[in-house]
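K.L.:
My questions all concern the structure below.
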Amino acid sequence: MTDAERMLWHHLRRKQIQGVQFYRQKPLLSFIADFYCPAAKLVIELDGSQHYEAEHQAKDQGRDAALAGLDLRVLRFDNRQVLLETNAVLEMIDAAVCERV
């Protein structure tokens, strides 16, 4: 796991957000989601700098569309954002869970 993934997992594991279970590295379709909450139908992806390249952005859009086809909501955060703005990221995840549970 990256530093950002470790940081976020520390806050997601053990049902710390709204009492719902999150899984990490969860296979969905032909993808591996960084984090997945089945109760909220929520996928969380953490993106490194390579995701700003056009090729990666196109793949990410296709992946997000495929997951949306399963009625899954995808939240994407930059690794740096997770490390520097942890509380804001957690608030956004909490709000998404509340909307979907």
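The values are calculated or read from the model by the stated rules, or taken from the named source; none is laboratory data. From a predicted model like this one, the values you see are computed outputs, not experimental measurements. Every residue, glycine among them, receives a Cβ derived from its backbone with ideal geometry; neighbour counts consider all protein chains shown.
K.L.:
Across segment 1-18, which residue is modelled with the lowest pLDDT among those that are in a loop (DSSP other than H, G, I, E, B) and not β-branched (Val, Ile, Thr)?
P.N.:
Applying the filter and picking the extreme gives Met1.
K.L.:
Of all residues in segment 1-40, which are surrounded by fewer than 16 Cβ atoms within 10 Å (Cβ to Cβ) and charged (D, E, K, R)?
P.N.:
Asp3, Arg6, Arg13, Arg14, Lys15, Lys26
K.L.:
Any residue at all in segment 40-51 that's touching a residue at least 60 places away in the same chain (Cβ under 8 Å) and closer than 25 Å to His10 by Cα?
P.N.:
yes
K.L.:
Consider Leu75 carefully, then state whether it is under 11 Å from the mean Cα position of the chain (by Cα) and either at pLDDT below 95 or of a type outside the set (D, E, K, R) (or both).
P.N.:
Answer is yes for this residue.
K.L.:
Which residues, counting only those in segment 84-98, are in contact with a helix residue (DSSP H, G or I) (Cβ under 9 Å, 6 or more places away or on another chain) and either buried (at least 17 other Cβ atoms within 10 Å of the Cβ) or farther than 21 Å from Thr2 by Cα (or both)?
P.N.:
Val89, Ile93 - these are the residues of segment 84-98 that are in contact with a helix residue (DSSP H, G or I) (Cβ under 9 Å, 6 or more places away or on another chain) and either buried (at least 17 other Cβ atoms within 10 Å of the Cβ) or farther than 21 Å from Thr2 by Cα (or both).
K.L.:
Still on this model: Has segment 55-70 got at least one residue that is of a type outside the set (Val, Ile, Thr), surrounded by 15 or more Cβ atoms within 10 Å (Cβ to Cβ) and in contact (Cβ under 8 Å) with a residue 40 or more places away in the chain?
P.N.:
no
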